[in-house]
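S.K.: Encoded as structure tokens, here's the structure I'll be asking about.
The values are calculated or read from the model by the stated rules, or taken from the named source; none is laboratory data. Here the structure is a predicted model, which means the values were calculated and not measured. Cβ sites come from the backbone with ideal geometry, for glycine too, and all protein chains shown count toward neighbours. Only protein heavy atoms, including side chains, enter the accessible area calculation; ligands, DNA and RNA are left aside. Shrake-Rupley method; radii C 1.70, N 1.55, O 1.52, S 1.80 Å.
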Amino acid sequence: MSNAAAVHDEGNEAALPNAEALYSRLLGGVRDLLLPQTRLIGIVTGGAWLAERLQRDLDLHAATGNITSALHRDDFAQRGMVGRGQTSLPFSIDGADLLLIDDVLHTGRTIRAVINELYDFGRPQRVRLAVLVDRDGRELPVQADFAAARLTLQAERSLVVARAQADGRFEFKIEPVRH
């Protein structure tokens with residue numbers, strides 16, 4: 001994993017890193033991970049926003065995919081169809097080099113569900129992960145290949161990435177954990 005910036009939650013949002021500054025770090029980290037055949041896949045919703053912007057900022061001509069974790073979550077009975085997006089992979093993933101993009105890596109459960117969804121579409125050669133923020137609280141052995149920052153956050157708090165409608169800039173919000 002990268003040498004991500006470390007941030008500790010002191011109970012106030014002023015301690016949060018600047019999302020746009022972290023996006024710049026993510027941009028550089030993804031650039032270093034890309035091979036000519038690598039395809040980006042954004043995890044719905046925050047990761048899809050990031051992948052869309054990365055495609056534009058890196059001047060990638062290949063289509064970017066989107067993937068949802070909704071149908072493979074282990075808490076599907078409680079959450080139902082959370083999220084507004086659908087899986088859209090406008091390319092074959094068989095034998096592909098894939099780079100999953102997500103906003104916040106927390107427990108690892110979303111990544112597990114996304115990998116299950118991914119294999120419903122074929123068998124890639126390699127799957128890697130780049131995230132804007134890697135926060136504490138892992139429940140599964142999942143690790144990002146690149147994280148722009150590591151964040152220690154109180155267990156009852158959730159870090160959410162929002163995108164401004166006007167200019168597409170990213171910002172962080174803290175919300176109580178939804179059970």
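S.K.: Quick test of your reading of the structure: R135 fulfils all but one of (1) of a type in the set (K, R); (2) within 18 Å of L99 (Cα to Cα); (3) surrounded by 15 or more Cβ atoms within 10 Å (Cβ to Cβ). Name the failing condition by number.
M.R.: R135 satisfies all of (1) of a type in the set (K, R); (2) within 18 Å of L99 (Cα to Cα); (3) surrounded by 15 or more Cβ atoms within 10 Å (Cβ to Cβ) except (2).
S.K.: I've got another one for you. Being of a type in the set (G, A, S), open to solvent by less than 70 Å² (accessible area, probe 1.4 Å), in contact with a helix residue (DSSP H, G or I) (Cβ under 9 Å, 6 or more places away or on another chain) and touching a residue at least 12 places away in the same chain (Cβ under 8 Å): is that true of A147 here?
M.R.: yes
S.K.: Now, a different point. Within the range 155-172, can you find the residues that are out of contact with any Lys or Arg (no Cβ under 9 Å at 6 or more places or on another chain) and surrounded by fewer than 13 Cβ atoms within 10 Å (Cβ to Cβ)?
M.R.: Within the range 155-172, A155, E156, A164, Q165, A166, D167 meet the criteria.
S.K.: While we're looking at this one, here's another question. Go over the candidates L100, L71 one by one and state the one that is within 19 Å of V44 (Cβ to Cβ), hydrophobic (A, V, I, L, M, F, W, C) and modelled with pLDDT of 95 or more.
M.R.: Going through L100, L71 in turn, the sole match is L100.
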